[in-house]
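Note sheet for the following structure.
The values are calculated or read from the model by the stated rules, or taken from the named source; none is laboratory data. Computed from a prediction, not measured in an experiment: that's the story for all the values here. Note: ideal-geometry Cβ built from the backbone for every residue, glycine included; neighbour counts use all protein chains shown. Side chains included, ligands, DNA and RNA excluded: accessible areas come from the protein's heavy atoms. Shrake-Rupley method; radii C 1.70, N 1.55, O 1.52, S 1.80 Å.
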Amino acid sequence: MPLLERDGVLRQLSGLLTTARHGHGRLVLVLGEAGIGKTSLVEAFCSSAPRPVRILWGTCDPLVPPRPFTPIVDVAAQVGGDLRQALAAGDRDPVLDAFIGLLRRPDAPPAVVVLDDLHWADDATLDLLRVLGRRVARMPVIVIGTYRDHDVGTDHPLRLALGEIPAASMTSVRLAPLSVEAVGRLAGERPEQAIALHQATGGNPFFVTEVIAGGEETVPTTVRDAVLTRLSRLSAEAQATARAASVLGPGCEVPVLLDVAGVEREALDTCVGHAVLEITDGRVSYRHELARRAVLDALPAPAQSELHRRALAVLRQPVPIDWARLARHAIAAGDTDAVLELAPEAARQAARLGAHREAAAFFDAALAVAGRLPIADRAELLEQCARECSLIDEIPRALDCQHQALGAWRELGDDIHEGTCLTELSLLIWLSGDAAGSSTAARAAVDILLAAAPGTVELARAWAILGQRLMVSGDDEGATSVATSGAIELAERLGQERIEIHARTTAAVIRLYAGDEDARPMLEDAARRAQSAGFAEDAARALINLVEIARDFRQLQRADSYLSEAAEYLDQHELTLYDHLLRSRVAGLELDTGRWDAAAEHAGFLVDLGNTANRIRVRALTILGLIAARRAQGGAAAMLDEALATTDDDVQEMLELRQARAEAAWLAGNDELARQEAAAGLALGPRELQPWWWSSLAFWGWRAGSSGPLPDRDERPYWLHVTGRHAEAAAAWETIGAPYERALALADSDDEGALREALRVFNELGATAMTRRTTERLQALGAVRIARGPRPATRANPAGLTARQVEILRLVAEGLGNAEIAERLVISPKTVDHHVSAILGKLGVANRAAAAAAARQLGLSGEPQDGEAVAAR
């Protein structure tokens, strides 16, 4: 069939490929409904791409759970070499390295990488998409991903993955249905028949071709009817072949299909001859997934189960075993014994490849029928499932599994397993936001293992985890030191490097917060050792601590440097939980350095996740709430209240949250509440616990008129400020790289020049609350010609909007709602909500209609302004 009404998109893709040839690649997302012609379009582009260009094509399968790295397996079949070997080894990181290395070969021509049907992508493939998306702008590669946008909701893993890729690296192309004219050209019918066919099919190219191929006088009303009508005309053997192919899924081998269907090759040839099936490189597929689903859905459940049982028997023969494929057939066949045998192995294989979401799904399938297992075996499955859920940041599910496992070990009276289970449970409890409960679980684990397993690896890990829990909760310093030292000593004696690194990380963090700079090389060494040994989670933890400590001590340039290293490491390893932890720290650093829009973008993404760890959510809400308070936007109090209700007495989060709440109250004119919040923060512990946050709380208490403690001399900018040395305080903040705090110091000066500089900074940041206060002070001094901040008519940077906000404002002006904008830009509606609120605040308007009017005034609506219209004539 000819490709109609797609010339414009093909020209766009050709232009992007030309740019990619010069080392400036792009991720292109081709969106549209099922059957709209996404794959056909990309095939046409690839076939016409000028040589030399490498075409690397992989397709995701509609299997549940999906096979890890399914499209990369397709690519490996094309290129072989290191990529095929890495996949055979079953370890994720070498696969990522091999694929990126394939694209970066200096002697290789530019490449077009096609990842077809990304709405079915597994976690490992989405990890690769993230890695590619973050690097593609610096590579001679165009990555084309196709997906059904209607199947990708706001919480779909693909949407979350795309949300972590720079928007500047992506282009979205939505394919529209065919026109009546194009449908008529395909059908060769008279105009009135073309209109009827267009109305019935909605202009969907696949549906149109199915109806035409069916040759019916009456146009079927659904794709399913069209496909089944065609199938009914085939022989019984050919129909059996088509039904077996629907169960086996895309890309089944010819011998396997014939065995499962119980037919001869002639039946398959009939299906191919009637364009029901097609064969490519010895593998059989339907021409389109819609057709396969139509046949599969028409099969009665008993017939499906029987075909799955036959597939399971046939597929047990090959070596190496494809555990995931076998497990899916076992699950669909309802074969409990086979599920218990195969699903856990499939889960472990998926975990090794980094497909943790798929691993959790396979463990869930095994647990669903695990009632007949011995209780110890079931407890082990529960703990393994909990671990996979924690790695994908699904903490409530992880907690549930770990608690069930704990109950099983207690029922068995197995003290050693109870102790190890409590050790891991303590981390999950902490991530959920319960610091006290986390410490209690860690203490209980150590007590049990001291009695049941002294001198063991289990006890060494329990000591290490207890030290970490006590450190972050700000508990007894002596007990923290005892736990950490005990872990290091026992781990060294047992030769357990991973536990030793974990404990040394904790010890270094404790010393750094106590002001011992000599501990910094110790923490850096722990990060290096963990990376060298392949302990990805421990390396991520050490790197994130380096970022956080530098930020907490207002060493912002150092924090930026550590951040680059941590981000690069997590780019390669894609540990979802740690990636989210780092993103929350990135948001804080962006806030401190005056990049508030970026901070809100990161924090908004984390809040939108919904099921992320409470620890991460609290940090994100704190940052969003503080930005909203500083910009005098609505919702600040609600976000800060939600953060307070979500956390407990964990010192790390509470100090920053109490400071934000104190500042927000002061900005809102509520000095009494500001004093209360500052006092609540100061009561969490002595200054030595986190000195800069302590002095920050003391500073905001002082601003609100508190008679409590003042900032310490060691946190010099705060101390200079409260002692009236405003210029020196501002200079100290400038050295640190904190523009907002610098402007706060200048804004307390009586010098008109200092106040004007403070106002300039507040205007640049969009700090509306302080802009108003500073303007009032200038007016009181009798100043004239006071700057009002960025004017809405400024074309170079209208109203101080970010590039993303300009993009969203254009769509608001087009009349799109938040859900439609989210779909268009491949972000979540909540993220759009945050942006729209910020846009309204920056434009100084009350609603979307007024924002649309402002967009027209700014020339952002696509409509010509008066002067431009005259010039055009």
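Could you rank Asp641, Asp393 by how accessible they are, 1.4 Å probe, largest area first?
Working: Asp641 80, Asp393 0 Å².
So the residues, ranked largest to smallest area, are Asp641, Asp393.
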For region 650-762, compute Rg over Rh where Rg is the Cα radius of gyration and Rh is the Kirkwood radius from the inverse mean 1/r over Cα pairs. 0.97
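Leaving out ligands and nucleic acids, and using a 1.4 Å probe, what accessible area per residue does the chain come to in Å²?
On the way: 34860 Å² over 873 residues.
Result: 40 Å² of accessible area for each residue.
When every alpha-carbon pair in region 507-632 is counted, what percent end up more than 18 Å apart? Walk me through the intermediate numbers first.
On the way: 4197 of 7875 pairs.
The share of Cα pairs beyond 18 Å in region 507-632 comes to 53 percent.
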Once the mean 1/r over all distinct Cα pairs of region 81-134 is inverted, what Kirkwood radius in angstroms do you read off? 12.1 Å
Amide H within-cut-off set for Arg174, under 5 Å, with H built and near neighbours excluded: Leu31
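What FRET efficiency, computed as 1/(1 + (r/R0)^6) with R0 = 25 Å and r the Cβ-Cβ distance, is obtained for Ala783 and Glu728, rounded to the nearest 0.05?
Details: r = 23 Å, r/R0 = 0.93.
Here the calculated transfer efficiency is 0.60.
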Suppose accessible area is computed on protein heavy atoms with a 1.4 Å probe; arrange His274, His22, His288 from highest to lowest. His22, His274, His288
For the chain, how big is the tail of P(r) above 53 Å, as a whole percent of Cα pairs? 23 percent
Once amide H atoms are built 1.01 Å from N in the peptide plane, which residues 5 or more positions from Ile144, or in another chain, come under 5 Å H to H? Val28, Val113, Val114, Leu115
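With contacts defined as alpha carbon pairs under 8 Å and 6 or more residues apart, what's the relative contact order of the chain in percent? Display every interim value, and only then the final one.
Details: 1436 pairs, mean separation 63.6, N = 873.
That works out to 7 percent.
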Which percent of the accessible area of region 416-528 is formed by carbon and sulfur heavy atoms (probe 1.4 angstrom)? 52 percent
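Projected area of region 328-472, taken from the Cα convex hull and averaged over every viewing direction, in nm²?
Numbers: hull surface 34.6 nm².
Average projection, Cα convex hull of region 328-472: 8.6 nm².
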Put Arg848, Arg520, Arg493, Arg804 in order of accessible area, largest first, probe 1.4 Å, and you get Arg493, Arg848, Arg804, Arg520
Once the Cα gyration tensor of region 40-156 is diagonalised, what are the square roots of 5 times its eigenvalues, in whole Å and ordered largest first, as equivalent ellipsoid semi-axes? 21, 19, 13
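R0 = 30 Å: FRET efficiency of Gln85 with Ser47, Cβ-based, nearest 0.05? Before the final figure, lay out the partial values.
Numbers: r = 30 Å, r/R0 = 1.00.
Calculated value: 0.50.
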List the residues, sorted by chain then number, that are 5 or more residues from Ile55 or on another chain and whose placed amide H is less than 5 Å from its amide H. Val112
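Quick one: putting +1 on the C-beta of Lys and Arg, -1 on the C-beta of Asp and Glu, what dipole do you get for the chain around its Cα centre, in Debye to the nearest 20? Let's see the in-between values first.
Working: 91 positive and 120 negative charges, 536 e Å.
Computed about the Cα centre, the dipole is about 2580 debye.
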Projecting each Cα onto the charge dipole of the chain (Lys/Arg +1, Asp/Glu -1 at the beta carbon, about the Cα centre), which of Gln304, Gln468, Gly625 comes out farthest on the positive side? Gly625
What FRET efficiency would be calculated for the residue pair Thr171, Ala451, taking the C-beta separation as r and a Förster radius of 60 Å, to the nearest 0.05? 0.45
Using a 1.4 angstrom probe on heavy atoms only, work out the carbon and sulfur share of the accessible area of region 61-172 in %. 51 percent
Taking the Cα centre of region 1-106 as the origin, how large is its charge dipole in debye, to the nearest 20, when only Lys and Arg (+1) and Asp and Glu (-1) carry charge on their Cβ atoms? 380 debye
Of Thr146, Pro110, Ala226, which is farthest towards the positive pole of the chain's charge dipole, taken about the Cα centre with +1 and -1 on the beta-carbons of Lys, Arg and Asp, Glu respectively? Pro110
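The chain: longest stretch without exposed GluC sites (Glu not before Pro) (DSSP loop, at most 14 other Cβ within 10 Å), sites themselves excluded? Numbers along the way, then the final one.
Working: sites that count: Glu216, Glu217, Glu264, Glu814.
Counting at most 14 other Cβ atoms within 10 Å as exposed, the longest clean stretch of the chain is 265-813.
Carbon and sulfur together cover what percent of the accessible area of region 614-712 at a 1.4 Å probe radius?
Numbers: 1630 of 3200 Å².
About 51 percent, which is the carbon plus sulfur part of the accessible surface.
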Simple Cβ-charge dipole of region 354-445, Lys/Arg +1 and Asp/Glu -1, about Cα centre, in debye nearest 20: 80 debye
Do me a favour and compute the ellipsoid semi-axes for region 112-212 from its Cα gyration tensor, root of five times each eigenvalue, largest one first, whole Å. 36, 14, 11
Just how far, in whole angstrom, is region 418-474 from region 281-343 if you go by their alpha carbon centroids? 43 Å
